[in-house]
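Reading through the structure tokens given below for one structure.
The values are calculated or read from the model by the stated rules, or taken from the named source; none is laboratory data. Fair warning: this is a prediction, and the values are worked out from it, not measured in the lab. In this analysis, Cβ positions are derived from the backbone assuming ideal geometry, glycine residues included, and neighbour counts consider all displayed protein chains. Quick note on the areas: whole protein, heavy atoms, side chains included, nothing else; ligands and nucleic acids left out. Shrake-Rupley method; radii C 1.70, N 1.55, O 1.52, S 1.80 Å.
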Amino acid sequence: MSTQPTHPLMPHATASWLVDNTALTFEQIAEFCGLHILEVQAMADDLAGQKYTGRDPVHSGELTQAEIDRGQANPNYKLRMQKAPLSVSRTKGPRYTPVSKRQDKPDGIAWILRNHPEISDAQIGKLIGTTRNTIAAIRDRSHWNIANINPKDPVTLGLCSQRELDSLVAKAAKRAGIEEDEAVADSRLGSDRDALIEELRAEREAQARAASEAAQEAEAQAWLEARRAEGLSDS
């Protein structure tokens, strides 16, 4: 029997509903939904980047009103899942993209086509969650909205992570045989390192020279002031 905690099927939406409709503590809601307490706090303060539509866990059978009442009566009470949500697994098909992000897909595709032509259409489709027909239409500029498509980094758009993109670029480069020769890379890095060392050495020498000149100037100023003081005392 699994000892892993079970959380609601839609934890953020459930947490939003519990914040708005119950007197449960943020700690109780966070633990039940498997979220960080700061995420729940942000929902309560309307600081969350996305406003979630609340999902009633009583209606879905994941909680009972009696269970919520126990939690409201005792802040230390830990809510118990009444009915574990059915898990949904995806095996095939493109990556799911939230509705709010789907309009950004063409911009992300155009950016990849322009900056990483070595990446295949199949790889782009899997990374962005799109079809080969869409990719082809953007490539040959026959897309219905081509006039409004502006290439933008898919990571910045939130369509994929930087790690996913970097991994895909590395795989595509290796497959295309455009990896930089190791000896050339070492030579270039060595030259860059030497240049940096020389730049730092020159900077230190300039700082030492400036400090020496400042010290000499201060010494001369002190000597002049001493001479003036002696002249005033003689008079």
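Residues in region 144-167 that are among the acidic types (D, E) and in a loop (DSSP other than H, G, I, E, B): D153 only. Being small (G, A, S), under 30 Å from T134 (Cα atoms) and at pLDDT below 85 is a property that G49 has. Close contacts from region 106-126, counting a first residue that is more than 16 Å from T156 (Cβ to Cβ) and in contact (Cβ under 8 Å) with a residue 60 or more places away in the chain and a second that is open to solvent by 20 Å² or more (accessible area, probe 1.4 Å) and assigned to a loop (DSSP other than H, G, I, E, B), with Cβ to Cβ under 8 Å and a gap of 6+ residues or different chains, come to E118/I178. Those helices (runs of 4 or more DSSP H) of region 16-79 in which at least 1 residues are within 26 Å of the chain's Cα centre (by Cα), considering only elements entirely within it, cover 26-33, 37-44.
Yes or no, residue by residue, for (1) at pLDDT below 90; (2) hydrophobic (A, V, I, L, M, F, W, C); (3) assigned to a loop (DSSP other than H, G, I, E, B):
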position	(1), (2), (3)
P106	no, no, no
I109	no, yes, no
G125	yes, no, no
S142	no, no, yes
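Scan region 145-164 residue by residue and report those that are of a type in the set (K, R) and in contact (Cβ under 8 Å) with a residue 40 or more places away in the chain. Matches in region 145-164: K152 only.
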